[in-house]
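Peer 1: First the structure, then my questions, so here it is.
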Amino acid sequence: QVQLVESGGGLVQPGGSLRLSCAASGSIFRVYDMGWYRQAPGKQRELVATISRGGTTNYTNSVKGRFTISRDNAKITGYLQMNSLNLEDTAVYLCYADITNADLTTRRIYWGQGTQVTVSS
């Protein structure tokens, strides 16, 4: 059984910072890409940032220069550091990871439970 557990969301004022974590656990052989989507009310789900196993990163244009995605392969955890947050960043953030399980029979995308990020004054 593989699980992704997110943490770190909350309420922050404009210009503030938050750090999201996404920890994988269970019968894991390898974690490939990790990343975050976000979904705001009335908007389509948006891919925010991705990071490959080797550390190659990609960001949607609206967060470039403000968000930083990273990972610790030893801890099987991804991180999303969000700085200079603005009202438009308010959303539920969902992490995902592309994982092969320990017995090598399955490779699929796993999802975290989602965490609310609210930017408000």
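The values are calculated or read from the model by the stated rules, or taken from the named source; none is laboratory data. This is a predicted model, so every value here is computed, not measured. Because the Cβ atoms are built from the backbone with ideal geometry, glycine has one as well, and the counts that use them run over all protein chains shown. To get the accessible areas, we keep the full protein, side chains included, count just its heavy atoms, and leave off ligands, DNA and RNA. Shrake-Rupley method; radii C 1.70, N 1.55, O 1.52, S 1.80 Å.
Peer 1: Expressed as a whole percentage, what fraction of the accessible surface of the chain belongs to carbon and sulfur atoms when a 1.4 Å probe is rolled over the protein heavy atoms?
Peer 2: Accessible surface attributable to carbon and sulfur in the chain totals 46 percent.
Peer 1: Ranked from highest to lowest mean number of other Cβ atoms within 10 Å per residue, what is the order of the peptides 79-86, 11-18, 67-74?
Peer 2: 79-86, 67-74, 11-18
Peer 1: Please state the charge dipole magnitude for the chain, taken about the Cα centre, from unit charges on C-beta atoms (+1 on K and R, -1 on D and E), reported in debye and rounded to the nearest 20.
Peer 2: Once rounded to the nearest 20, the dipole reads 140 debye.
Peer 1: Pop out the ³J(HN,Hα) list for the range 91-101 in order, Karplus 6.51 cos²θ - 1.76 cosθ + 1.60 with θ = phi - 60°, rounded to Hz; leave Gly and Pro as x.
Peer 2: So the Karplus estimates, Gly and Pro as x, are 4, 8, 9, 10, 8, 9, 8, 8, 10, 9, 7 Hz.
Peer 1: Amide H of Gly114: which non-local residues (sequence gap of 5 or more, or other chain) have their own amide H closer than 5 Å, using H built in the peptide plane?
Peer 2: Glu6, Cys95
Peer 1: Where the centre of each part is set by its Cα atoms, how far does the range 1-47 sit from the range 62-121, in angstrom?
Peer 2: 3
Peer 1: Run the quick spin-label model on Ser120 and Glu46: label points 7 Å from Cα toward the beta carbon, then report their separation in nm to one decimal.
Peer 2: About 1.9 nm, to one decimal.
Peer 1: Once amide H atoms are placed 1.01 Å from N in the peptide plane, what residues at a sequence separation of 5 or more from Ala102, or on another chain, have their amide H within under 5 Å of its amide H?
Peer 2: Amide H neighbours of Ala102: Ile28, Phe29.
Peer 1: Additional query: Which ³J(HN,Hα) values, rounded to whole Hz and listed in residue order, are derived for the range 103-119 from phi using the Karplus coefficients 6.51, -1.76 and 1.60 in 6.51 cos²θ - 1.76 cosθ + 1.60 with θ = phi - 60°, glycine and proline given as x?
Peer 2: Residue by residue, the range 103-119 yields 8, 6, 8, 9, 10, 7, 8, 10, 10, x, 7, x, 9, 7, 10, 10, 10 Hz.
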